[in-house]
1. More than 21 Å apart: what percent of Cα pairs in segment 43-186 qualify?
2. Pairs Lys219/Lys385; Lys23/Lys360; Lys39/Lys80; Lys271/Lys360; Lys278/Lys373; Lys130/Lys263: which exceed 24 Å Cα-Cα?
3. Can you give me the relative contact order of segment 25-94 as a percent, contacts being Cα pairs under 8 Å and 6 or more apart?
4. What does the charge count around Arg384 come to, taking other residues whose C-beta lies under 15 Å from its C-beta (Lys +1, Arg +1, Asp -1, Glu -1)?
5. Going from the alpha-carbon gyration tensor of segment 178-246, what semi-axes, largest first and in whole Å, does one get by taking the root of 5 times each eigenvalue?
6. Let me understand segment 37-111 better: what is its radius of gyration from the alpha carbons, and its Dmax, in angstrom?
7. Can you check what the Kirkwood hydrodynamic radius comes to for segment 294-342, Cα pairs only, in Å to one decimal?
Amino acid sequence: MPTAIVVGATGILGREIVLELSKHRQQWPTVHALSRSKKEEFAETVIHHHIDLMSAPDEMANDMRNVQGSYVFFAAYVQKDTEQENWDVNGAILSNFLQALVKTGAISGIERIILVTGAKQYGVHLGAPKNPMLESDPWLTDSKWPPNFYYNQQNILHSFCKEYNKEWTVTYPNDVIGYAVGNYMNLATAIALYALVSNELDSKNEGVVFPGSPTFYTKFDCFTNSRLHGQFCAWAALEPRTANEAFNVVNGDTESWQNLWPKVANYFGTKVKPNQFKSGAGSSILKYVSGDASSTSKLAPEPPITTQASAIGLEGTPALEQSVVEQHIDLEKWSQRRDVKDAWSRIAEREDLQEDAFEKATWGFLGFVLGRKYDLVISMSKARKAGWTGYADTWESLEGHLDGSSTVGGRSLVVLFLVCGLNTDIHASNNGSRQESRSNEEAGSRWSWPQGCSDKAQQDQRHIVVHEDLRCASSKVFKDFLQQRRKIIDGECFPCTENLDAITADVTVWDLSVVESCIHTACRPGDSGMTVQIHVQCTVKPELLTQSRSLIFHKIMW
């Protein structure tokens, strides 16, 4: 049976590779997770090892003296200030790691090395690419382009594998939707913070404004669900047809913010401001908004599409003009406004959140992602031909991470959403399925939050948490209150079939040491390391039930 070595195990993509491999313990009985620090608990099949990727090969080899595996997943990178520094440093950490494998002798057992890179492969950070982007597109190696460290890493990998007769696979994800502890460079967290503060400031209920490019708002983009990418890596490691090949790894749909942004607004209980871009038409942001609130910045003098312009007949066309990033609302400027900071401070104090979370958000990154004014369409044809069938709906991916995967100050964002006084009541689970009810009449027989409930959250000391796995359709209370579309899990599981009382103040738990054989595998603690699986019903203290109550479920960890 194969064993795995995951480098960069605490990053957004590396973490999901570890989680995916640890789900299949019969196939992957041992997973070595390598990172500078241990940020969370994984399954017992996962062994964490401290490693400093900035160290020399000898020192790294000493840290890896007990690490053996047959498949390496390299998902680490170091962000530096310049592209030349990125080239040098990220090339060095990969090269030194590979040399450490040689020094420990672990290289003898390695069959394949999977390297995680990204769509910067196509120069999407430099301007408009040729669409759709294909793995066969030429690399941007001319001196007019800045160094691309992905090219350096791939060259290092190719040379090493040729020397030691090993196989390799490379992935190109794009605009990743995911989460990692302490990592704020992700779309879901920044979007959530922006929407929350905007909603807090929207006293006239005019709606939330898309902060990016008015032009990009109606153009196309392709995203990568971090969990889907982890699944792809696990599949590709063992698939013969993926040996010595590079693959795009995106969700499989093509999205646009004209479709996503209204859903984001609705999620937060608001709407899109009808005239969010004011008057005017055309590509220039100056026709939509003027003043210090907006910004434009030029990218590379020539967009990447120029490398293929002659071959595809685009010489002399506007497609070759210099690309720009235009922000309808410059998010870095916005995040420094006094009213914005004050609004966040109110939210953080009201909900007992870590106040510096707002400052840690990568506003420049979100501004760039939303401000590009060119299409980003990435083909999955090569992976499909190799046998990959995975797919993720982009909105459901984003919604799922908004619901339960991202954190602000250590608390689930969905908890933050639930207690921030939104206009809609949300019953949530971590897989993104959600029901909304605006009144008891509209909800019918479903339970809903009484008017003003969220305003009393801190006063009432409500215990609001989210259930980990609601897949069993046997549970009446889950079906009625939380999640209607679930599959049946074979067998009987009395925690699931128990019809919990919707207004009890008690917390009901089941000790697995007593009833393990009676609980569905999907309803057990699984890889989390818990000793008790919780199907929890909790409300406010009994004496406060007349003022407010809540019903929501969670996997509680001790």
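1. 49 percent
2. Long pairs (Cα-Cα over 24 Å): Lys219/Lys385; Lys23/Lys360; Lys271/Lys360; Lys130/Lys263.
3. Values: 52 pairs, mean separation 16.1, N = 70.
Relative contact order, segment 25-94: 23 percent.
4. Working: positive: Arg241, Lys382, Lys385; negative: Glu135, Glu239, Glu245, Asp253.
Within the 15 Å Cβ shell, the charges total -1.
5. Values: eigenvalues 270, 54, 13 Å².
Sorted largest first and rounded, they come to 37, 16, 8 Å.
6. 13.4, 40
7. Details: mean 1/r = 0.0761 Å⁻¹.
Result for segment 294-342 stands at 13.1 Å.
Quick note: the coordinates plus some simple rules give every number you see, no bench work behind them. A quick note: this is a predicted structure, and the numbers were derived from the prediction, not measured. Using ideal geometry, Cβ is built from the backbone for each residue, glycine included, and neighbour counts are taken over all protein chains shown.
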